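**Q** Got a structure here, written out as structure tokens. Questions coming.
The values are calculated or read from the model by the stated rules, or taken from the named source; none is laboratory data. In this text the structure is predicted, and so the values were computed from the model without any measurement. Methodologically, a virtual Cβ is constructed for each residue, glycine included, from the backbone with ideal geometry; neighbour enumeration extends over all protein chains shown. Ligands, DNA and RNA are excluded from the accessible area calculation, which covers all protein heavy atoms including side chains. Shrake-Rupley method; radii C 1.70, N 1.55, O 1.52, S 1.80 Å.
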Amino acid sequence: MDSKLALYIVKRLLLAIFTVFLIITITFFVMKAIPGGPFLSEKSPSPEVTAALEAKYGLDKPVFEQYITYLKDLLRGDFGPSIKNRGRQVIDLIMEGFAVSAKNGLIAACLAIVIGLVLGALAAVFHDSWIDKTIMVLSTAFVAIPSFVVATLLLLIFCITFPIFPANGNVSGGLVLPIISLSLSPMSYITRLTRSSMLDVLGQDYIRTARAKGVSNTKVIFKHALKNAVTPVITYVGPMIAYILTGSLVVEKVFAVPGLGDFFFSSITNRDYPMVMGTTIFLATLMVIMTLLSDICYKIFDPRVDLS
Amino acid sequence: MSDKKLLEVKHLKEYFDIPNGLRSLKLKAVDDVTFDINEGETLGLVGESGCGKTTVGRTILQLYKPTAGEVYFDGELIRGKKTIHEFRKKAQMVFQDPYSSLDPRMTVSDIIGEPLDVHKLYSNKAERTEKIKYLMDLVGLSSEHASRYAHEFSGGQRQRIGIARALAVDPKFIVCDEPVSALDVSIQAQVVNMFEDLQAKLGLTYLFIAHDLLVVKHISTRIAVMYLGKLIEIGPANEVYHEPIHPYTVSLLSAVPVPDPKIARANQRIHLEGDVPSPLHMPSGCPFRTRCPHACDACAESMPELKEVKPGHFVACHKIEG
């Protein structure tokens with residue numbers, strides 16, 4: 001069984017490398033097809049300077065040659081320099097931003113998973129009671145309301161009306177609100193997933209079997225029901241963590257958090273080609289890894305899943 | 001088999017609320033059922049789908065809270081959390097569907113071992129493993145398969161796991177809720193025979209719920225017949241099977257296939273008129289009167305009491321004199 005699992009992981013990793021390669025290729029050519037360039041701002045330098053700069057970054061060569069050069073550099077682990085942030089390497093910028101986003105994201109993801117599972121289980125156990133109804137109304141609301149509204153509302157309520165938390169994400173205590181805004185939507189989604197899945201499981205015959213054995217109610221819910229109900233949540237959680245770790249553009253903008261989401265967006269508007277490529281590759285790799293991890297978790301939680 | 005009453009069910013009622021718009025309707029799944037089971041005997045409980053036989057089994061085991069009525073086990077009233085928890089050690093259930101009644105995330109040894117854990121029935125790990133091995137041997141499973149998951153077994157093997165699980169707490173009484181109806185016919189006989197062997201070996205008492213009348217006749221000491229939540233006839237297995245008295249039992253038994261065309265042709269099959277009334281809108285008086293060929297005015301007025309027609313053979317019918 002374990003050698004089967006190892007083989008599966010190797011297979012998936014090879015496939016993952018291929019996926020990332022495809023993403024690199026598509027992004028590279030699409031990015032080059034967009035009109036504009038890194039040196040076309042309002043205060044454009046003279047044509048001579050532009051030409052010199054383009055020559056420096058190799059942008060004057062045919063696109064396909066640029067692509068081959070980029071791939072060669074990438075194989076050596078070189079993501080190239082950022083065009084807009086003079087003198088900085090792309091990889092350093094990404095790591096800096098990721099350090100901030102990942103810390104917030106990790107806390108937000110944990111909050112979302114733990115609270116989501118508990119609320120979902122509660123709603124299912126007290127099906128149709130006021131507890132269930134309250135949880136459902138709130139979770140529906142937070143799934144539906146876009147994050148910029150939630151973030152702005154939180155800012156309005158907790159920074160201006162009741163100044164409990166600072167609005168700036170860089171000072172102490174400043175990360176509380178960004179983390180809450182990051183976690184609310186996935187938390188609500190997990191709550192809803194857990195609830196519907198739990199309701200299904202609680203109606204199963206083996207739950208009655210457990211009760212007939214004399215297993216206590218709490219144990220029936222946590223050991224038998226939740227363990228079986230968690231499968232759809234795992235499928236969602238893998239990619240969710242990848243998204244949340246790489247930062248949310250909106251939340252980072254609203255609370256002025258210097259994270260990766262901010263970098264990603266500005267690098268596109270600036271046509272900072274190496275930066276766009278770098279962040280894309282980073283996000284894609286993370287996503288592929290998280291999906292693989294959630295598939296492996298799937299196997300661990302459900303022995304009936306056949307990986308081959 | 002002794003004459004000692006192991007289980008006494010008195011005026012048991014189990015009503016379910018069915019939401020119907022703003023009001024809710026009462027579904028009388030089990031309505032005023034009284035019977036007892038002697039130690040070491042098998043009481044077969046028959047009736048068509050939806051007549052409440054499964055609910056009787058589950059309510060006796062307190063998987064549903066009874067709406068009214070009492071269950072006595074070994075003379076003790078089963079009520080309250082503590083008594084029920086103790087009761088689970090003495091009374092167990094084998095469920096109908098061996099596919100869905102086993103937790104897919106647990107290995108066989110977990111499934112069989114959990115009741116041991118819950119009731120703390122071993123002093124060390126080795127004893128637990130030993131006990132699981134013994135139980136698996138008892139039901140004819142190879143104990144080498146203890147670390148496998150339920151989905152890796154066939155239907156018959158899964159039902160054996162379910163039986164081993166029920167036996168884990170060393171119960172005196174087992175409710176067998178249609179334990180063979182989900183199995184292939186070829187496997188049914190094996191499992192039914194195993195129930196008999198286990199009974200002889202461990203001195204078990206069964207409430208055997210089924211709709212297959214031949215199986216019930218084969219295994220039962222006595223047979224009880226239910227119709228729409230009510231007990232209408234109960235008596236010695238051979239007598240109920242060969243000389244049924246209640247008009248419903250008579251028609252039910254006339255539907256049993258006979259593996260001989262000559263006899264089958266000679267037998268008169270009694271076809272009942274109409275359908276079973278909805279348990280949400282029960283007819284007044286005797287529930288069978290809407291389909292009974294002998295129904296009279298008295299039947300619409302009151303539900304007949306169970307009367308002893310022959311020694312140990314009770315029938316609930318106005319037209320039958322006790």
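**Q** At 1.4 Å probe size, with no ligands or nucleic acids counted, give the accessible surface of A:Ser172 in Å², nearest ten.
**A** 110
**Q** Classify region A:62-195 as rounded, prolate or oblate, taking a ≥ b ≥ c as the square roots of the eigenvalues of its Cα gyration tensor: rounded when a/c is under 1.5, otherwise prolate if a/b is larger than b/c and oblate if not.
**A** prolate
**Q** For the pair A:Asp92/B:Asp36, report the inter-label distance in nm, with labels modelled 7 Å from Cα in the Cβ direction.
**A** Taking the simple label geometry, A:Asp92 and B:Asp36 are separated by 9.1 nm.
**Q** Follow-up. Taking the dipole about the Cα centre of region B:17-72, with the C-beta of Lys and Arg at +1 and of Asp and Glu at -1, give me whichever of B:Pro19, B:Ser49, B:Pro66 is farthest to the positive side.
**A** Toward the positive end, the furthest listed residue is B:Pro19.
**Q** Okay, next question. Calculate how steeply helix A:273-301 sits against the longest principal axis of the alpha-carbon atoms of chain A, using the helix alpha-carbon long axis, and give the answer as 0 to 90 degrees to the nearest 10.
**A** Once rounded, the angle reads 20 degrees.
**Q** Using only Cα atoms, find the angle between the long axis of helix A:231-245 and the longest principal axis of chain A, and express it within 0 to 90 degrees, rounded to the nearest 10.
**A** Roughly 30 degrees, rounded to the nearest 10.
**Q** Right, here's the next one. For region A:1-116, report the accessible area per residue in Å² (1.4 Å probe, heavy atoms, rounded to an integer).
**A** 63
**Q** Now for a different question. Between A:Ser3 and A:Val30, what FRET efficiency comes out of the Förster formula 1/(1 + (r/R0)^6) with R0 = 45 Å and r the beta carbon distance, rounded to 0.05?
**A** Values: r = 41 Å, r/R0 = 0.90.
With a Förster radius of 45 Å, E is 0.65.
**Q** Which distance in nm do the two modelled labels at A:Arg76 and A:Ala256 give, with both placed 7 Å along the Cα-to-Cβ direction?
**A** Each label point is offset 7 Å from its Cα along the Cβ direction, giving 4.1 nm.
**Q** Another question, if that's okay. Please state the shape class of region B:79-198: rounded when a/c is under 1.5, otherwise prolate if a/b exceeds b/c and oblate if not, all from the C-alpha gyration tensor.
**A** Oblate, since a/c reaches 1.5 and b/c is not below a/b.
**Q** Which residue, chosen from A:Thr209, A:Leu199, A:Ala225, occupies the Cα position most advanced towards the positive end of the dipole of region A:180-308, where the dipole is computed from +1 (Lys, Arg) and -1 (Asp, Glu) charges on Cβ about the Cα centre?
**A** In region A:180-308, that residue is A:Thr209.
**Q** OK, next. Going down the table (A:Lys223/B:Lys230; B:Lys28/B:Lys81; A:Lys223/A:Lys253; A:Lys223/B:Lys53; B:Lys53/B:Lys90; B:Lys81/B:Lys307), which pairs top 32 Å between alpha carbons? Before the final figure, lay out the partial values.
**A** Numbers: A:Lys223/B:Lys230 38 Å; B:Lys28/B:Lys81 25 Å; A:Lys223/A:Lys253 42 Å; A:Lys223/B:Lys53 30 Å; B:Lys53/B:Lys90 21 Å; B:Lys81/B:Lys307 36 Å.
In this structure, A:Lys223/B:Lys230; A:Lys223/A:Lys253; B:Lys81/B:Lys307 lie more than 32 Å apart at Cα.
**Q** I would also like to ask the following. Per residue, how much accessible surface does region B:24-71 expose to a 1.4 Å probe? Answer in Å², no decimals.
**A** 32
**Q** Here's a follow-up. Under the Karplus relation 6.51 cos²θ - 1.76 cosθ + 1.60, θ = phi - 60°, what is the ordered set of whole-Hz ³J(HN,Hα) values for region A:81-91, x standing for Gly and Pro?
**A** Listing the rounded values in order: x, 6, 7, 7, 8, 3, x, 10, 7, 4, 4 Hz.
**Q** Using a 1.4 Å probe on protein heavy atoms only, how many Å² of accessible area do A and B hide from each other, summed over both chains and rounded to 100?
**A** 2000
**Q** Can you compute the FRET efficiency between A:Val114 and B:Ala264 using 1/(1 + (r/R0)^6), with r the Cβ-Cβ distance and R0 = 60 Å? Round to the nearest 0.05.
**A** 0.35
**Q** According to a simple spin-label model (label point 7 Å from Cα along Cα-to-Cβ), what is the distance in nm between A:Ile300 and A:Ala99?
**A** Distance between label points: 2.9 nm.
**Q** Additional query: Take the Cβ-Cβ distance between B:Asp137 and A:Phe64 as r, set R0 to 56 Å, and report the resulting FRET efficiency rounded to the nearest 0.05.
**A** Working: r = 71 Å, r/R0 = 1.28.
For B:Asp137 and A:Phe64, the calculated efficiency is 0.20.
**Q** If I build a Gaussian network model for chain B, linking alpha-carbon pairs within less than 10 angstrom, which residue out of B:Gly156, B:Gly203, B:Gly312 has the largest mean-square fluctuation?
**A** Top of the fluctuation ranking is B:Gly312.
**Q** How would region B:226-291 be classified by its alpha-carbon gyration tensor: rounded, prolate or oblate, with rounded meaning a/c under 1.5 and the a/b versus b/c comparison settling the rest?
**A** Oblate shape, in that a/c is at least 1.5 and b/c is the bigger or equal ratio.
**Q** Shifting gears a bit: Mind checking the dipole of chain A: about its Cα centre, +1 per Lys or Arg Cβ, -1 per Asp or Glu Cβ, Debye to the nearest 20?
**A** Taking the Cα centre of chain A as origin, the dipole is about 800 debye.
**Q** Dipole magnitude of chain B about its Cα centre, charges +1 at Lys/Arg Cβ and -1 at Asp/Glu Cβ only, in debye to the nearest 20?
**A** 540
**Q** Then there is this: Place a +1 charge on the Cβ of each Lys and Arg in the protein assembly as shown and a -1 charge on the Cβ of each Asp and Glu, then give the dipole magnitude about the Cα centre in debye, rounded to the nearest 20.
**A** With Lys and Arg at +1 and Asp and Glu at -1, about 1000 debye.
**Q** Using only the alpha-carbon atoms, what does the protein assembly as shown span along each of its principal axes? Please give whole angstrom values in decreasing order.
**A** Sorted from largest, the Cα extents of the protein assembly as shown read 118, 56, 55 Å.
**Q** While we're looking at this one, here's another question. Work out which residues of region B:26-67 lose at minimum 30 square angstrom of accessible surface when the other protein chains are put back, relative to the chain isolated, with a 1.4 angstrom probe, and list them by number.
**A** Buried on complex formation: B:Arg58, B:Leu63.
**Q** Then there is this: Using a Gaussian network model of chain A whose springs link C-alpha atoms within less than 10 Å, name the residue from A:Ala109, A:Ala33, A:Ala167 with the highest mean-square fluctuation.
**A** Greatest mean-square fluctuation among the candidates belongs to A:Ala33.
**Q** Go through region A:189-227 and flag every residue whose accessible area shrinks by 50 Å² or more with all protein chains in place compared to the isolated chain (probe 1.4 Å).
**A** A:Asp205, A:Tyr206, A:Arg208, A:Thr209, A:Ala212, A:Lys213, A:Gly214
**Q** Here's something else I'd like to know. Calculate how steeply helix A:260-269 sits against the longest principal axis of the alpha-carbon atoms of chain A, using the helix alpha-carbon long axis, and give the answer as 0 to 90 degrees to the nearest 10.
**A** Between the helix axis and the principal axis of chain A, the angle is about 40 degrees.
**Q** Accessible area drop of at least 50 Å² (1.4 Å probe, protein heavy atoms): which residues of region B:100-123 qualify, relative to the chain alone?
**A** So the qualifying set is B:Ser100, B:Asp103, B:Pro104, B:Arg105, B:Glu114.
**Q** Out of A:Leu177, A:Val143, B:Gln159, whose Cα points farthest toward the positive end of the dipole of the protein assembly as shown (charges: +1 Lys, Arg; -1 Asp, Glu; placed on Cβ)?
**A** A:Leu177
**Q** Additional query: What whole-number value in Å² describes the accessible area per residue of region B:265-311 for a 1.4 Å probe?
**A** That works out to 69 Å² for each residue.
**Q** Considering the zone a paramagnetic label at B:Ser278 would reach in this model (a point 7 Å from Cα along the Cα-to-Cβ line), which residues of region B:12-48 have amide N under 17 Å from it?
**A** B:16-29
**Q** When chain A is modelled as a GNM with alpha-carbon springs shorter than 10 Å, which of A:Gly80, A:Gly58, A:Gly214 fluctuates the most?
**A** Highest fluctuation of the listed residues: A:Gly214.
**Q** For A:Ser266 and A:Leu138 in one chain, what is 0.36 nm times their gap in residues minus the Cα-Cα distance, to one decimal in nm?
**A** Numbers: separation 128, 0.36 × 128 = 46.08 nm, distance 3.36 nm.
Between A:Ser266 and A:Leu138, full extension yields 42.7 nm more.
**Q** Excluding ligands and nucleic acids, what accessible area in Å² is computed for A:Ser3 using a 1.4 Å probe, to the nearest 10?
**A** Roughly 90 Å² of A:Ser3 is accessible to a 1.4 Å probe.
**Q** Moving on. Run the accessible area of the protein assembly as shown with a 1.4 Å probe and give the carbon-and-sulfur part as a rounded percent.
**A** Within the protein assembly as shown, the accessible surface is 61 percent carbon and sulfur.
**Q** Among bridges DSSP assigns within the protein assembly as shown, what percent are antiparallel (round to 5)? Working shown, then result.
**A** Details: 32 of 49 bridges.
That works out to approximately 65 percent antiparallel.
**Q** Calculate, in nm to one decimal, what B:Ser254 and B:Lys65 gain on full extension: separation in residues at 0.36 nm each, minus their alpha carbon distance. It would help to have the intermediate numbers written out before the result.
**A** Values: separation 189, 0.36 × 189 = 68.04 nm, distance 3.58 nm.
The B:Ser254-B:Lys65 span can extend by a further 64.5 nm.
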